[in-house]
1. Tell me, in nm to one decimal, what length is gained between residue 247 and residue 150 on full extension, where the rule is 0.36 nm per residue of separation less the Cα-Cα distance?
2. For residue 190 and residue 58 in the same chain, what is the full-extension length gain: residue separation times 0.36 nm, less their Cα-Cα distance, in nm?
3. What are the lysines whose alpha-carbon lies under 18 Å from the alpha-carbon of residue 247, with same-chain residues fewer than 8 places away excluded?
4. Where a ≥ b ≥ c are the square roots of the eigenvalues of the C-alpha gyration tensor, would you call segment 140-187 rounded, which needs a/c under 1.5, or, failing that, prolate if a/b is larger than b/c, or oblate?
5. With n ≥ 4 as the cut-off for DSSP H runs, can you work out [θ] at 222 nm for the chain, using -39500 (n - 2.57) per run divided by the number of residues, rounded to the nearest 500?
6. Which option, (i) -0.35, -1.41; (ii) -0.47, -1.34; (iii) -0.41, -1.47, is the value of log10 I(q)/I(0) by the Debye sum over Cα atoms at q = 0.09, 0.17 Å⁻¹ that was calculated from these coordinates?
7. Within the set of other residues whose C-beta is less than 13 Å from the C-beta of residue 248, count the net charge using Lys and Arg as +1 and Asp and Glu as -1.
8. Ranking request for peptides 247-253, 144-150: highest mean number of other beta-carbon atoms within 10 Å first, then the rest in descending order.
Amino acid sequence: MRSDPNFKKHVNETVIQGVPIRDEHVQRLLNYLDKMIKDTREEIISLAREEGIISPNQKNLAIIAGQIPVDQDLRDRYNSLLMIRKYVTAMMPYKFKPHLKRIPGLPNELVESIPSKSSKLQALPKLLEEGGKKAIIMVSYVHSGEIIQKYLESAGYETFFISGQVKNKTTVIDAFKLSKNEKSVLIMTQVGERDLDIPEAGLIIVFDTINTTKTMYQKFKRSRGGKVLCLYHEKTSEEEKVKRIFKNILSNYPWSITVKEPMRLQRSF
């Protein structure tokens with residue numbers, strides 16, 4: 001394909017772009033969690049090497065650390081920290097803050113400083129307005145989708161919602177596709193989006209990014225072209241994750257993806 005100078009005429013090219021969200025409170029929290037995760041991982045690896053479970057040349061330690069058969073309490077703490085970090089990037093503050101309070105050693109001031117309203121949530125209307133087309137918002141958790149739906153409806157958007165709990169997915173999709181309202185937004189969870197292609201949407205917003213390159217590429221191509229915006233908290237491990245995913249996708253699927261420089265929002269939260 002790449003030997004044909006006109007091959008892109010036959011491909012629905014997708015433009016992907018990161019959207020850094022500036023929130024100093026969440027940034028401090030995520031960076032603190034990152035340090036706790038790193039310290040716990042190093043403790044697991046050190047113990048595993050002492051016991052001869054892993055060799056000095058073992059690779060992918062960051063990936064396998066939670067499965068190394070060492071002290072169960074240590075592994076549980078590590079996996080719990082990873083999950084809670086995911087909650088912070090993908091959930092609303094009222095939902096993830098109770099989990100933070102159960103982490104030993106996490107300063108209470110970090111928890112209490114988190115604003116009551118998600119900075120990612122507040123960025124959505126501006127991004128949708130600039131997109132100017134029907135849009136899809138992808139989320140990891142049902143309750144995050146429900147909050148986004150209520151928030152956008154209060155801002156004058158027509159919303160549609162699909163999750164694994166919705167039985168009449170086809171009816172919802174058809175209603176979204178047939179809507180004449182350019183301020184139409186379809187919100188989908190990971191389970192709800194499976195096997196769905198929606199070319200009617202010109203914009204996809206990924207509320208939180210997962211680690212798997214192939215899965216993220218499939219998300220990006222749901223609209224068969226158009227533009228994809230990935231939200232992330234600036235100067236955190238979430239930003240590094242998005243950059244890594246973009247790099248991998250561009251390497252694996254260069255014929256159908258263009259990566260733009262990060263979008264700079266005027267407002268900080």
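1. 31.5 nm
2. Gain on extension, residue 190 to residue 58, equals 44.3 nm.
3. Residue 247 reaches 214, 219, 221, 227, 235, 260.
4. oblate
5. -14500 deg cm²/dmol
6. (ii)
7. Net charge around residue 248: +4.
8. Ranking the peptides 247-253, 144-150 by packing returns 144-150, 247-253.
Laboratory data are not the source of any read-out in this text; all were calculated from the coordinates shown. Computed from a predicted structure; not experimentally measured. Cβ: placed from backbone, ideal geometry, glycine included. Neighbour counts: every protein chain shown.
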